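Enquirer: Structure below; questions to follow.
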Amino acid sequence: MKGAVFIGMLLWASVAQAATPGEILTGYTAEAARRTPGFQPTAVRGEQFYQKRFGVSEVMPACASCHTDRPTQPGRHAVTGKLIQPLAPAANAERFTDLAKVEKWFRRNCSEVTGRECSAAEKADFMVYVMGKR
């Protein structure tokens, strides 16, 4: 419940101004730390999550299925073929700057790839990984 309140506050704040990737990451990290005291996101776990083949979908078994092995490069949706801009903020300055969009895409993509919603810890690890890519 506290996590939902925090996300709600960030959503409200994002109406007034755009967020930065660091601000969104801080929110996910704080939410994860409330559930697991001392939690700190790592790029290692983020990369493992990004590359992991969950097997829920034969077409999209991993994040890298559509986003490629390199988050700094454009990808293509495995089903529709639609171009996907790079995930890494260093290659796409618009990434992770609107909490509502970030939540929308995490919700949709996590459901398609993992078969469930991603936890705040998974989101934080994922963001640390892609934010570190140049």
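Enquirer: Out of the residues in the range 71-120 that are closer than 17 Å to residue 43 by Cα and among the hydrophobic types (A, V, I, L, M, F, W, C), which is most open to solvent (accessible area, probe 1.4 Å)?
Expert: 90
Enquirer: Do we find that residue 123 is open to solvent by 50 Å² or more (accessible area, probe 1.4 Å) and of a type in the set (D, E, K, R) in this structure?
Expert: Numbers: open to solvent by 50 Å² or more (accessible area, probe 1.4 Å): no; of a type in the set (D, E, K, R): yes.
In short, no.
The values are calculated or read from the model by the stated rules, or taken from the named source; none is laboratory data. These numbers were taken from a predicted model, which means no experiment stands behind them. Each accessible area value is taken on the protein alone, full model and side chains, heavy atoms only, with ligands, DNA and RNA left out. Shrake-Rupley method; radii C 1.70, N 1.55, O 1.52, S 1.80 Å.
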